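Have a look at the structure below, then the notes.
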Amino acid sequence: NFESSDDAIQYRQSGFSLMAYNFGDIGAMLKGKKDFNADVAAMRAANVAALAKLPLEGFIDGSDKGDTEALAKIWADKADFEAKFKELQTNADALAIAAKGGDKNELKKAFGAVGKSCKGCHDVYKKD
Ligand code: ASC
C-alpha cells in the first residue's frame, strides 16, 4: 500500500506520463510526424494497454489534496470515474490488438477511441 497521498499521486502520475509517451508516439507515426513502423506501433500499443491498468490504484481516498490535477469530483463520483477508466482499459486492449494486426486503418480507429477515453475523462475529472 501507499505510504501517503503523495506516493499515490506520484504513482498514478508516473503511469499517465508513461502512457502519454507511448500513446503520443503512435500518434506521431499516424500523423506522419515520424516514419510509421508497425512493430514499434505494436510495442507502444501493448505498453499503453499494460499501463492503462495501473493509475486507478493511485486514486486513494484523500489524495485529491496535494500536487495533483485530479478534481475532488473523482471521489464524489467514484463509480462513474471507475467506469470511465475501465472503458479506457477496454479501448487500450483493443488498440494493442489492432496494432498487432497490422491494419493501419484499424489502428487509426482504435487510436481515436483511446484518445476519446483520455479526453472524456480529462474534461470532467482533471483541472484545466
Ligand atoms: C495524448 C495525451 C492525452 C490524450 C488526449 C487525447 O497523447 O497526452 O492526454 O492524448 O489529448 O485527446
Report, in degrees rounded to the nearest 10, the 0 to 90 angle that the Cα long axis of helix 5-30 makes with the longest principal axis of the chain.
20 degrees
Gained length - Gln13 relative to Leu54, 0.36 nm times residue gap less alpha-carbon distance:
13.8 nm
Taking a crude spin-label model, label points 7 Å out from Cα along the C-beta direction, the Phe36 to Asp77 distance in nm is 3.6 nm
If you place +1 on the Cβ of every Lys and Arg, -1 on the Cβ of every Asp and Glu, and leave all else neutral, what size is the dipole of the chain about its Cα centre, to the nearest 20 Debye?
640 debye
Along the charge dipole of the chain, pointing to its positive end and built from +1/-1 on Cβ of Lys, Arg, Asp and Glu, which listed residue (Phe2, Ser63, Ala79) has its Cα farthest out?
Ala79
Taking trypsin sites (Lys or Arg not before Pro) as exposed when in a DSSP loop with at most 13 other Cβ atoms inside 10 Å, the chain has its longest clean stretch at 66-126
Taking R0 as 41 Å, what's the FRET efficiency between Lys100 and Lys126 from their Cβ-Cβ distance, rounded to 0.05?
0.85
Read phi for every residue in region 111-125 and hand back ³J(HN,Hα) as whole Hz from Karplus 6.51 cos²θ - 1.76 cosθ + 1.60, θ = phi - 60°, with x for Gly and Pro.
4, x, 5, 5, x, 5, 5, 4, 5, x, 6, 4, 4, 9, 10
How high is the FRET efficiency between Ala28 and Glu3 when r is their beta carbon distance and R₀ equals 35 Å, given to the nearest 0.05?
0.45
Ordering Glu57, Glu106, Glu3 by the accessible surface of their heavy atoms, 1.4 Å probe, largest first, yields Glu3, Glu57, Glu106
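The values are calculated or read from the model by the stated rules, or taken from the named source; none is laboratory data. As the structure is a prediction and not an experimental result, all values here were calculated from the model. No Cβ is skipped: glycine too gets one built from the backbone with ideal geometry, and neighbour counts run over all protein chains shown. Note: accessible area is taken over every heavy atom of the protein model, side chains too, but ligands, DNA and RNA are not part of it. Shrake-Rupley method; radii C 1.70, N 1.55, O 1.52, S 1.80 Å.
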